[in-house]
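I have placed the structure first, in the form of C-alpha cells, so that the comments after it can refer back to it.
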Amino acid sequence: MTKPERESIEYDVAIVGAGPAGLSAAIRLKQVNPDLEVVVLEKGSEVGAHTLSGAVLDPAGLDQLIPDWKAKGAPLDVPVTRDRFLVLGEAGSIRIPNTPMPPLLSNHGNYIVSMGNLCRWLAGEAEALGVEIFAGMACSELLFGDDGELAGVVAGEFGLQKDGTPGPNHEPGMEVRGRYVFLAEGVRGSLSKQAIARFGLAEDCDVPKFGIGMKEIWEIDPEKHRQGTVVHTMGWPLAGRAGGGSFIYHAADHQLFIGFVVHLNYKNPHLYPYMEFQQFKHHPEIRPLLEGGKRIAYGARAITEGGWQSIPKSVFPGGALLGCSAGLVNVPRIKGNHNAMLSGIAAAEAAADAIASGRSGDELTAYDRSLRTGPIARDLKPVRNVKPLWSRYGLVASLALGGLDMWVASLTGWNPLGTLRHGRSDAASTGNASEHRPIDYPRPDGVISFDRLTSVSYSGTNHEEDQPCHLRLRDPDVPIRVNLPRFAEPAERYCPAGVYEVVQDPESAEPRFQINAQNCVHCKTCDIKDPSQNIDWATPQGGEGPNYPNM
C-alpha cells in the first residue's frame, strides 16, 4: 500500500506526551529561550485524560521548574500530615514504625495530588509561554532523516478501516518534525519501544521490570476522612503469590484515592491482579473506610519498576526518552513524577544548548549524563536493590536486607549489596499452569467490590470500533495453540479491563481468542506480561481510550 501524502510542519522540539515529563520539558525550553518553537502532542482527548498516578508528589521537580508554584495556584492543596505503613494479615494488621525506616521513605513535605489536574495546570503554564499543545493527536509512526536520525512523528491520522485501508473520512495526519524529538509517552510507549529496539538503547542495561497499578477514587463518609493521611500496605491478600501492595490517600473534599499494585513477575498464571485488588478492599482494616461511601472513578496503568539498573540509554540521534519512557520510578518510595519532571528539565536544557550552538539531529549526551549523575541518580541509586531482593527472597527479606542497604546508601552513598540484577523478564517469569494451583476468588458484592466491566464504565473509556485493532497479535494462533494449553491463557486475568477472552466458537465449538479492544484503558500490561510476547500495544486514533477526570 502506498503511503499517503501528508503535510509537514517544523518545530525546534517536538514532544510526544503531555504528562509531567513532556510538559516540564516544554516549559523549560521556553524558559531558556522564548524564541524556540515547541509543540506537545497528546493522544488523550485532553491533557490529563490519560494521566493516572497514586499520587503523593515530591515537589522537587516542580520546585526547580516553577519555584513560585504556590503563588501561581498549582493544585497542591493537601500536604501529607500522617504517614503509616501496615503489613496485613487476613484478619488484622501490624504497623511498622516510621522510626527504623530510611529517611528517604518519609513523606514529610510531600503532597497528595491528582496528577491529571496538575498536568492540566502545567499545560496552562506552558501555553502561556507560547508552547503549542494539541490533544487528541495520537502519534502513530516515527520518521527518520537521511542519516537514520529521528526526525519527527506522524500525528493525527484518522479514519482507517478495520483492514487498515483508508475509509471515506480518512485523514492522513501530519508529519510533525523537530530538530529534536522527545518521547515522553509514559510506561511502555509504542514509539519509545520502537526507538529502544531500533537504536539498541537497552543493550547495556538490565531487563525492564513492571507492575500493574489499579486505582479507584471514592467519596467517603466525612467522619472517616482524615485529610493528608497516607497509608501503604503489604502482605494480604497477595502474601507469597506475588509482590505488591496498596496505597490509601486521604485527598481533599472527602475523597479517598485507593489503589493496588501487583508486580508483574508473578509465576502463577492463574493469578488475577484485578480480583486481588477487589478482595483487598474487604480487609477489616479497609472495608470500614469504604462502607457508606461511593466510588466515582476507576483506572489502571503499568508502572516501571526496574529502577537504576534498568534505565536504557536515554538518548539517540535526534531524540531522547523522558520520564517513564526511560523508567525513572523509585519503587520503595512509590514515586516517579518528580523524576519525570526533572528528566524533562534536563532534556530541555540539553536541547536548548544544542540548538543555540547550531546543532540538530545528534545525541544529547549532556542529558544522559545529567540523568546518570544528577538528582535522578541520587534518588534511584540508594534504592536499587529493593526490587531484586523482593523478587528473589520475598517481602520479609526485602524489608530487612533492603532496609539495611538503603540506610547505608543514604548515609554513605555506597550500597553494601552492590547492584543486584533482576534476572528474567516479567513475561519469562510466568510459569506453566500445570505447575500452579488455580485461585478461587470471592465474587464481587457490588458494594465494595465490583466486576471488571462495571469498573471500566467508571474510566470513561471509548474507542471507535471501525478501525484497526490497536492490540496486535504477532501470530494470531499463539493464544489458543500455545498460551491456552501451557499458561491457561493468562490474558483473561492480567488485563484489568476485560479486553481478552477465550470463547467457544458457535460454529466449530472450538475455543477462539477474542479481543474486546473497546474496553482498553491503555495500561500496556498485555504488551509486558504476555508469556509468548505475542501482543504489541499500538496507539488507537487520537482522543480515544480512557477519559480520567482527576486521576
Worksheet, complete the sentence: When the stretch 311-343 is checked residue by residue, the ones that are part of a helix (DSSP H, G or I) and either of a type in the set (Asp, Glu) or touching a strand residue (DSSP E or B) at 6+ places or on another chain (Cβ under 8 Å) (or both) are 324, 325, 337, 338, 339
Discussion item. Exactly one of these conditions fails for residue 70: (1) over 30 Å from residue 245 (Cβ atoms); (2) open to solvent by less than 50 Å² (accessible area, probe 1.4 Å). Give me its number.
Written reply: (2)
Item to complete: Would you check if there is a residue in the stretch 499-517 being open to solvent by less than 10 Å² (accessible area, probe 1.4 Å), touching a helix residue (DSSP H, G or I) at 6+ places or on another chain (Cβ under 6 Å) and over 23 Å from residue 47 (Cβ atoms)?
Response: yes
Item to complete: Please name all residue pairs, on different chains or six or more residues apart, with Cβ atoms under 7 Å, provided the first residue is in the stretch 457-484 and is polar (S, T, N, Q) and the second residue is open to solvent by 80 Å² or more (accessible area, probe 1.4 Å).
Response: 467/162
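Among the listed residues 114, 53, identify the single one that is closer than 16 Å to residue 322 by Cβ, buried (at least 20 other Cβ atoms within 10 Å of the Cβ) and modelled with pLDDT of 95 or more.
Answer to the selection: 53.
Matching residues to (1) under 30 Å from residue 491 (Cβ atoms); (2) modelled with pLDDT under 95; (3) in contact with a strand residue (DSSP E or B) (Cβ under 6 Å, 6 or more places away or on another chain):
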{"residue": "369", "(1), (2), (3)": "no, no, no"}
{"residue": "399", "(1), (2), (3)": "no, yes, no"}
{"residue": "415", "(1), (2), (3)": "no, no, no"}
{"residue": "428", "(1), (2), (3)": "yes, no, no"}
{"residue": "431", "(1), (2), (3)": "yes, no, no"}
{"residue": "442", "(1), (2), (3)": "yes, no, no"}
{"residue": "446", "(1), (2), (3)": "yes, no, no"}
Worksheet, complete the sentence: Reported set for the stretch 422-436 where residues are open to solvent by 30 Å² or more (accessible area, probe 1.4 Å) and under 22 Å from the mean Cα position of the chain (by Cα) is 423, 424, 425, 428
Fill in: Residues (open to solvent by 10 Å² or more (accessible area, probe 1.4 Å) and under 16 Å from residue 119 (Cβ atoms)) located in the stretch 311-324
324
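State which residue is nearest to residue 548 (Cα to Cα) when the search covers only the stretch 1-20 and only residues that are in a loop (DSSP other than H, G, I, E, B) and open to solvent by 20 Å² or more (accessible area, probe 1.4 Å).
6
Considering the stretch 75-87 alone, what residues qualify as being among the aliphatic types (A, V, I, L, M) and open to solvent by 10 Å² or more (accessible area, probe 1.4 Å)?
Listed by number, the residues that qualify are 76, 80, 87.
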Worksheet item: Which residues, counting only those in the stretch 354-373, are small (Gly, Ala, Ser) and open to solvent by less than 10 Å² (accessible area, probe 1.4 Å)?
Response: 354
Worksheet entry | Subset of the stretch 130-172 that is polar (S, T, N, Q) and within 21 Å of residue 45 (Cβ to Cβ) - its residue that is least open to solvent (accessible area, probe 1.4 Å) | 140
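Do we find that residue 41 is under 22 Å from residue 145 (Cα atoms), modelled with pLDDT of 95 or more and not small (Gly, Ala, Ser) in this structure?
Answer is yes for this residue.
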Worksheet item: Say we look at the stretch 214-265 and pick out the residues that are farther than 23 Å from residue 116 by Cα and among the charged types (D, E, K, R); which of these is surrounded by the fewest Cβ atoms within 10 Å (Cβ to Cβ)?
Response: 223
Worksheet entry | Any hit, the stretch 195-213, residues being in a strand (DSSP E or B), out of contact with any Asp or Glu (no Cβ under 8 Å at 6 or more places or on another chain) and either in contact (Cβ under 8 Å) with a residue 12 or more places away in the chain or open to solvent by 20 Å² or more (accessible area, probe 1.4 Å) (or both) | yes
Item to complete: Would you check if residue 285 is open to solvent by 10 Å² or more (accessible area, probe 1.4 Å), in contact with a Ser or Thr (Cβ under 6 Å, 6 or more places away or on another chain) and either without any contact (Cβ under 8 Å) to a residue 12 or more places away in the chain or of a type outside the set (Val, Ile, Thr) (or both)?
Response: yes
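Listed here are the residues, each with its yes/no results for (1) at pLDDT 95 or above; (2) more than 30 Å from residue 262 (Cβ to Cβ); (3) out of contact with any Leu (no Cβ under 6 Å at 6 or more places or on another chain).
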{"residue": "172", "(1), (2), (3)": "yes, yes, yes"}
{"residue": "178", "(1), (2), (3)": "yes, yes, yes"}
{"residue": "192", "(1), (2), (3)": "yes, no, no"}
{"residue": "199", "(1), (2), (3)": "yes, yes, yes"}
{"residue": "202", "(1), (2), (3)": "yes, no, yes"}
{"residue": "213", "(1), (2), (3)": "yes, no, yes"}
{"residue": "216", "(1), (2), (3)": "yes, no, yes"}
{"residue": "220", "(1), (2), (3)": "yes, no, no"}
{"residue": "226", "(1), (2), (3)": "yes, no, yes"}
Fill in: Index of the failed condition, residue 326 passing every other in (1) within 17 Å of the chain's Cα centre (by Cα); (2) modelled with pLDDT under 95
(2)
Worksheet item: Can you spot a residue in the stretch 81-90 that is among the β-branched types (Val, Ile, Thr), in a loop (DSSP other than H, G, I, E, B) and within 23 Å of the chain's Cα centre (by Cα)?
Response: no
Discussion item. Suppose we filter the stretch 21-69 for residues that are part of a loop (DSSP other than H, G, I, E, B), farther than 26 Å from residue 539 by Cβ and of a type outside the set (A, V, I, L, M); how many remain?
Written reply: 8
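The values are calculated or read from the model by the stated rules, or taken from the named source; none is laboratory data. Values in this document were obtained by computation on a predicted structure and should not be read as measured data. When we count neighbours, we look across all protein chains shown, and the Cβ atoms used for this are built from the backbone with ideal geometry, even at glycine. SASA here: full protein model, heavy atoms, side chains in, ligands and nucleic acids out. Shrake-Rupley method; radii C 1.70, N 1.55, O 1.52, S 1.80 Å.
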